Structure formats: structure tokens, C-alpha cells
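See structure below.
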Amino acid sequence: MKAKLTALQVSFIVIFLSFIFSTPSSASERCVYSDLKEVRIETSVGAVSTVKVEYCGSDDGGRVSISMLTGKNRQNYKFIVENRAYSISIDSDIELKDDGGRGLGVANGGGRSGDGMWYWVFDRKKRLYRYIGEAPRLYRSKTKCGGIFSIESGSGDVQSMRYSYQVKNDRLILLGAMGFIPIDDVYEISLMTCTPDSRCNEVDRLKDVSPEKAQRYMNGTEDCDQERGPGN
């Protein structure tokens with residue numbers, strides 16, 4: 001009788017422990033907030049990719065699941081996000097490389113403004129997306145030199161910062177930055193070179209830049225020739 005009672009107790013303990021350890025796992029699978037978006041992208045002539053982004057969130061953040069289907073090639077990515085105000089945003093028009101191909105950006109909710117993104121470029125030969133890294137939301141410059149950049153709010157005397165990037169060896173690399181400093185009714189623009197770990201150092205400064213010209217620099221519509229001296 002004592003042996004049977006002991007076996008019964010052991011069985012109860014095993015069931016109880018199984019319940020304890022399975023409950024958090026099951027709870028983590030439940031989504032307090034959820035969202036789903038899907039886009040179709042013409043990645044090359046005759047090739048269309050379907051990208052689906054799904055968000056499962058709670059009060060502590062959540063996870064983002066991304067699936068990409070190009071022909072028979074399927075790719076899946078999963079990321080953890082900590083921004084409780086996360087919202088799915090997909091940029092399927094950005095040209096990240098100078099080859100005319102369309103890249104892909106998916107919001108990660110990071111950065112000072114919460115507009116950070118994960119980025120991919122499309123390999124036309126292999127018909128696969130290649131993950132290149134994350135950055136604040138990127139834009140393609142409209143100047144003759146092109147290039148991709150982001151704009152972020154500054155701090156202290158700096159009103160805003162423009163960061164320049166390049167895709168090299170399938171990695172997103174930070175190249176340089178411009179700091180916009182309002183002084184009376186004009187701007188000074190600090191020109192900086194940056195290391196991949198985001199350390200930037202000033203190498204030159206434009207002075208007496210008109211607000212109109214400073215705005216064109218911010219928007220990526222000013223020519224890449226950064227003249228020294230008075231702006232107009």
C-alpha cells in the first residue's frame with residue numbers, strides 16, 4: 001500500500017510540474033495584439049515575390065514573423081521587438097543598391113523616432129532576399145550622386161542629423177553624417193565621416209547656409225557637391 005501511495009504521489013508531482021513548465025510557454029504563444037500585412041513585389045522580369053509580415057504582441061513587446069516566397073524559394077525570419085507601440089510598415093520601393101533593383105524594408109520599431117527598419121536586397125540570380133542589416137528608415141537621394149540616407153532628430157544645438165549609408169558585400173554600412181545647426185537666421189552644417197559602429201567625427205563645416213538650401217540637403221534634393229563657404 002505504501003509503495004502504491006508513493007507511486008501515486010510521484011505521478012501527481014510529474015503532472016503538476018508538467019503543468020507549471022508548460023503554462024508560461026503556452027501563454028507566450030497567445031497574442032494580445034496582432035496584425036498582418038502582405039505585399040507582392042515584382043523583383044525582376046517574370047519574378048514576383050510575396051512578402052507576408054505578421055506581428056504577435058503583448059504589453060512587453062512581441063515578435064515579428066516575416067515570410068518571403070519567390071517562385072519555389074521560401075524564406076522565413078523571426079525577430080523580437082520591444083516597442084509596445086509597434087506597427088507593421090513595409091517599404092517595397094526603396095532602391096538600396098545602384099543596380100535599379102528593388103529592396104525591402106520592414107519596420108522594427110527601433111531608433112530614436114521608432115521608424116527603424118530591417119533591410120534586404122534581392123539576389124536576382126538566386127531569386128532570394130539577402131538580409132543586410134537594420135537602420136533608421138532609409139530614403140534614396142534625388143541628386144545625381146544618388147545614395148541612401150536617413151534623417152533623425154538631433155540633440156543640443158543640432159536640429160537634425162542626416163546619415164549616409166552604402167550597401168557593400170551585402171552589408172549596410174554607415175559612411176558619413178551631416179549635422180544641421182541653426183544659428184540666427186542661417187545654418188551651419190557639420191560634415192562628418194563615420195565608422196561602422198556609428199562613431200562620427202567632424203571633418204569640415206559649411207557656414208552661412210540658407211534655410212532653403214539646408215532643407216534641400218535634409219530632403220536629399222541638393223546636389224552632392226558640398227560647397228565650402230556661403231550658401232544660397
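Computed FRET efficiency, Cβ-Cβ of Q159 and L69, R0 30 Å: what is it to the nearest 0.05? All intermediate terms of the calculation are to be shown ahead of the outcome.
On the way: r = 43 Å, r/R0 = 1.43.
That gives a FRET efficiency of 0.10.
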For this session: At most 15 other Cβ atoms within 10 Å and a DSSP loop assignment: could you name the trypsin sites (Lys or Arg not before Pro) in the range 130-232 that fit?
Result: K142, K144, R199, R228
Problem set entry | Label zone at R127, where the point sits 7 Å out along the Cα-to-Cβ direction: the range 31-61 residues whose backbone N lies under 16 Å | 41-51
For this session: Determine the alpha carbon to alpha carbon distance for each of K37/K168; K52/K125; K125/K168; K78/K144 and list only those over 27 Å.
Result: K37/K168; K78/K144
For this session: Compute the length gained on full extension between D59 and Y77: take 0.36 nm times their separation in residues and subtract their Cα-Cα distance, giving the result in nm to one decimal.
Result: 4.3 nm
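The numbers here are math on the coordinates, done by the rules we state, and not lab data. Nothing here was measured: the structure is a model prediction, and the numbers come from that model. Glycine also receives a Cβ, built like all others from the backbone with ideal geometry; neighbour counts cover every protein chain displayed.
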